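Notes follow the structure.
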Amino acid sequence: MDDLLLTNACVMDVIAGTVSSEREVLIRHGRIAEIGEPTVGASSAQRLDLRGRVLMPGLCDAHVHVIVPMNSFKLLTTWSPFYTAIRALPILEGMLMRGFTTVRDGGGAEFGLARAVEEGLIPSPRILYSGKALSQSGGHGDMRGAGENAYDGHYAVPSLGRVCNGVPEVRAAARDELRRGASQVKIMAGGGIASYTDPIDNDQFSEEEIRAAVEEAAMANRYVMAHTYTARQIARAVRFGVRSVEHCNFLDDEAASLIAERDAFMVPTLVAYETMWQEGLEIGMPPELHAKIKTVLDVGSASLEVAARHKLNMAYGTDLIGPLHRHQTLEFKIRSEVLSVAEVIRSATCYAADLFQMPGQLGVVAVGARADLLAVDGNPLDDINLLVGQGEKLDLILKDGRIYKNRLS
């Protein structure tokens, strides 16, 4: 890969919440090699003149489902894995064109898709995959209806999750996902919207089962992310060692204090409920599942206020499926109604990198970091709407120094 020199770039420091005067940024072997005044030496480098545009880190989405192009996890289990992968391609390219250079998949994506991305075979964000989420029988990863008994647990069947019961099965499932290269283990620690037989306020998995998953992940230098809605689900998960709690719509002060005490992370996904409530029935969501959304919709913004009060680690997440993927950047706007714009941007950059155990590699424009970079026509710190939409204000998108979009020339 040839060296690339970005000139006249106003570099965003996401940690400080500031933008520099014009700098030159040298990219070598897919990483940022030098940042300096307009004297950086790179005579043989390809040059791109940003002409004063803001250069910021590529965005991170910490909760996606990239293999779900329709509004049904249940239907997914009837598909061919080849067809599923093909249907994922436009979803992944859409995310990249919105500026997301790294995404963490919360159930469904696996090593084959991630490997294709890593080898540069398809335009896509980097995928940090969980494999299949671990679920108890009747849990959020079990898509059987009340009258269904058969369950096809073959790994080639595309699905959100896999069913495991009891400590030995949980350990075996966690070990299997880690064997396949999972960046983290995902567990379903409470009821959900997209599944048929578990009310949202159900607790799922016993203490011993959760601790078993946590121990297996820790031994592999990984961590556990957990689907949770209620304060009790959140507290149980964090108390038993979970590092990343998802959704958290009913977060209260007691659960927030526990998250802060354990230095865990919270990943709200408010855009999922707002868009599913508005469009879910139109895109084929079963009415009995759509009705569940109202329960969590009205309390989402309050959870952000509680989290901000306790200064919790928060990463950006969306949890969208089907046609709703196009609303991925709307989470910026929703969060900025409660949080400062700088904090919202940090949640999708440096805070997400900390969650991913990749600080200094992702989420910053700094020497040594991966060259995941966006050139924005304007300053998102002044106007978060520059990041909302389908990437209309992004004139340059780089991932690992490779150009995926260039409107500069």
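Filtering segment 243-293 to residues that are among the charged types (D, E, K, R) and under 20 Å from V338 (Cβ atoms) leaves E246, D252, D253, E274.
What about S137, is it crowded, with 24+ Cβ neighbours inside 10 Å and hydroxyl-bearing (S, T, Y)?
On the way: crowded, with 24+ Cβ neighbours inside 10 Å: no; hydroxyl-bearing (S, T, Y): yes.
When the stated conditions are applied, S137 does not pass them.
Could you check segment 193-229 and list, in sequence order, the residues that are among the small types (G, A, S) and either farther than 18 Å from G138 by Cβ or in contact with a Gly (Cβ under 9 Å, 6 or more places away or on another chain) (or both)? Across segment 193-229, the qualifying residues are S195, S206, A212, A213, A217, A218, A220, A226. One residue stands out in segment 300-327 among those that are assigned to a helix (DSSP H, G or I) and within 18 Å of the chain's Cα centre (by Cα): the one that is farthest from E261 (Cα to Cα), namely P323. Looking across V296, V267, V242, V338, one residue alone is of a type in the set (A, V, I, L, M, F, W, C) and touching a Leu at 6+ places or on another chain (Cβ under 7 Å). It is V338.
Residue pairs whose Cβ atoms lie under 8 Å apart, separated by 6 or more positions or on different chains, with the first residue in segment 291-315 and under 15 Å from E331 (Cβ atoms) and the second surrounded by fewer than 22 Cβ atoms within 10 Å (Cβ to Cβ) and among the hydroxyl-bearing types (S, T, Y), do not occur. Could you check how many residues of segment 337-359 are assigned to a loop (DSSP other than H, G, I, E, B) and open to solvent by less than 20 Å² (accessible area, probe 1.4 Å)? Of the residues in that region, 3 qualify.
The set of residues in segment 140-158 that are among the small types (G, A, S) and under 12 Å from A194 (Cβ atoms) contains only G141. The single condition among (1) more than 21 Å from Y155 (Cα to Cα); (2) modelled with pLDDT of 95 or more that G41 does not meet is (2). For M143, the criteria (1) within 26 Å of Y229 (Cα to Cα); (2) open to solvent by less than 10 Å² (accessible area, probe 1.4 Å) hold in every case but one, which is (2). Residue check: I321 meets all listed conditions (1) surrounded by fewer than 24 Cβ atoms within 10 Å (Cβ to Cβ); (2) within 27 Å of L89 (Cα to Cα); (3) at pLDDT below 95 but one, namely (1). The single condition among (1) assigned to a helix (DSSP H, G or I); (2) open to solvent by less than 10 Å² (accessible area, probe 1.4 Å) that I334 does not meet is (2).
Pairs are defined by a Cβ separation below 9 Å, a sequence spacing of at least 6 or placement on different chains, a first member in segment 360-389 that is farther than 16 Å from R53 by Cβ and part of a loop (DSSP other than H, G, I, E, B), and a second member that is open to solvent by 30 Å² or more (accessible area, probe 1.4 Å) and among the β-branched types (V, I, T); the pairs so defined are V364/I15; A366/I35; V367/I35. One residue stands out among those in segment 118-134 that are aliphatic (A, V, I, L, M) and open to solvent by 10 Å² or more (accessible area, probe 1.4 Å): the one that is farthest from P90 (Cα to Cα), which is L128. Selection of segment 92-113 for residues being open to solvent by 10 Å² or more (accessible area, probe 1.4 Å) and within 18 Å of L362 (Cβ to Cβ) yields only R98.
Comparison of D61, D2 shows that the only residue that is touching a Phe, Trp or Tyr at 6+ places or on another chain (Cβ under 7 Å) and either among the charged types (D, E, K, R) or surrounded by fewer than 20 Cβ atoms within 10 Å (Cβ to Cβ) (or both) is D61.
The values are calculated or read from the model by the stated rules, or taken from the named source; none is laboratory data. Everything quoted here is computed from the prediction, not taken from an experiment. Don't worry about glycine lacking a Cβ; one is built from the backbone with ideal geometry, like all the others, and counts go over all protein chains shown. Ligands, DNA and RNA are stripped out before the accessible areas are found, and what is left, the full protein with its side chains, is counted by its heavy atoms. Shrake-Rupley method; radii C 1.70, N 1.55, O 1.52, S 1.80 Å.
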